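The values are calculated or read from the model by the stated rules, or taken from the named source; none is laboratory data. Values in this document were obtained by computation on a predicted structure and should not be read as measured data. Here the Cβ is made from the backbone with ideal geometry for all residues, glycine too, and neighbour counts use every protein chain on show.
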DNA sequence: TTGTATGCGTTATCAG
DNA sequence: CTGATAACGCATACAA
């Protein structure tokens, strides 16, 4: 193990000077800097992060707690945040918390004490806990909210525009000539359920199709099986929709399965669109037209925001809306004119 | 921020005694312990982990590096390891590494220096790098291998028995009366591909069905689309198989889709089994009969193994094989007698 | 521009 | 069973 002392000895300078070089202190003679850098190279010195953290006023670690294990959403977010940390030379202290346990505040509190982090990323559902916000404010810990249900005064939220994305994907279907379109919506408890449905309805309304003859909505609760039932209902109506937009990919894949069962071909007889660009979307055939959540950008933006926060919290409220991406794939196609 | 000194003062003991209580040191009078515990409660003291790490001879942190972001496998393993750490009061230092970068050793080296960890969990593909093993041995870092391609002399590997599981799932199909069974195998570069295929073939051989009239094998490369093609090939043969076992769930779901397209009902006309118990297995309908990898056990076992390693590496080679679980769901059923 | 001395919060050593 | 003191590796006043 190489320590700063050894480097100092090797370079013939004091530890402080080595420290200065490591942290890019400007006022340092280029000769000294060179010597030190050489020594660092030769001894392959890397500062031990725990020791820095103990002394540092502005810690380099950022904390994140998450609950739901099975969530593909969380897995992808984790990865994006980890990547962003790596790029920004920060460290992520990530731990699980017990979502079922009622004492969220206590759990966060202990996490803060243990890890010493003074910056946190709050993901759903933790980002919606007023008590947790209070705790962090009291402790002077700055934080960003990822996709919170509602904006929180004095803090930064990072999210995407679900309503707009849904509107756009519906407009895409309309542009393909579809006039009778179904929507399978998510779980009523999730905020995005409403937003995605609103986007759909808004697009239909603009096209003058917001009426029972053209617009059909069923609930799928974000689940495959519920969606299968809903899709079968939509596909057994006297006049079939020619396209169905489901509020997530899992439900969209159920729609494809329901269609196949009825002998309908996707996209020839029925266009199907999803949301999320989850792994399943590209794993199935036809692969799904869907919306890609900007995970990478969200991660990067979260780290940047936290890195910038020079002072504590209590800054201006801010809502950073990151651009999503529509992904056109094989599950959507032009409406059949003979049916329209 | 509460420190150990404050707790000590409050309890009227030395800091060392508080430290002893925190780490469950056995030889301590119950009266003293009680006093200290009270003080800890009252001041809500939580030891700062970085400070402990700086002093501790046996670090409580365990390192893990992983590459592939999109992998559902890795996401579930991450979670299991994190859970195990939490239960064992250990901390996980997890970072991404650049799988595409050639200098794996250098990356591991820097990670070691930064984090100070002296125990590591090596997951695929890092667990198969001889150079990395060498580095860790040289540095006296102990490590466990998760599902390595081959055993490594002098180190502990944790894995499951893919061959046995495949054999069992095939036997399950045989027990249901199926005689003509297809197998869709994985990517030829993965070790498990061979193992899972062997298990299948072994079961068929035992049943006296290892011949072209009863046993069909196609490659699916672990991908949905490849599997779809393979399944269509199997389902367009003159004599159809009555069951298909795919080497992962993604491919199995492709089989279900192919069957639906041909107007075959699952499981009435065709039984389908998968492998992995990935989210998709329970998200589809019929939900998949599959094999559940023992993620939780793997995580726990890895942490326990590392926690036990009193000395450095160089212990005896050991292969810990954890029991998997067969999950019977709706995608498999009795063979139709009129077809058999 | 550089060096010295001190302390971050905790545990290890060694003595009581 | 308990306590005083040094030390972990690094960064920061303060001094030079």
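Details
- Single residue of the range A:53-70 satisfying the filter (facing chain B (nearest Cβ under 9 Å) and surrounded by fewer than 20 Cβ atoms within 10 Å (Cβ to Cβ)) that is modelled with the highest pLDDT: A:54
- Lone unmet requirement of (1) touching a residue at least 24 places away in the same chain (Cβ under 8 Å); (2) within 22 Å of the chain's Cα centre (by Cα) for residue B:130: (1)
- Top-ranked residue of the range B:15-44 - restricted to ones that are free of Cβ contacts under 8 Å to residues at least 12 places away in the same chain and in contact with a helix residue (DSSP H, G or I) (Cβ under 6 Å, 6 or more places away or on another chain), ranked as farthest from DNA strand C (Cβ to nearest atom): B:28
- Checked against (1) at positive phi; (2) more than 16 Å from DNA strand C (Cβ to nearest atom), residue A:140 passes all but a single condition, namely (2).
- Of all residues in the range A:99-117, at least one satisfies being under 30 Å from residue A:277 (Cβ atoms), surrounded by fewer than 17 Cβ atoms within 10 Å (Cβ to Cβ) and at pLDDT 85 or above.
- With respect to the conditions (1) in a helix (DSSP H, G or I); (2) on the phi > 0 side of the Ramachandran plot, residue B:177 falls short on a single one, namely (1).
- Only one entry of B:178, B:183 meets the criterion of being in contact (Cβ under 8 Å) with a residue 12 or more places away in the chain and in contact with a helix residue (DSSP H, G or I) (Cβ under 6 Å, 6 or more places away or on another chain), and that entry is B:183.
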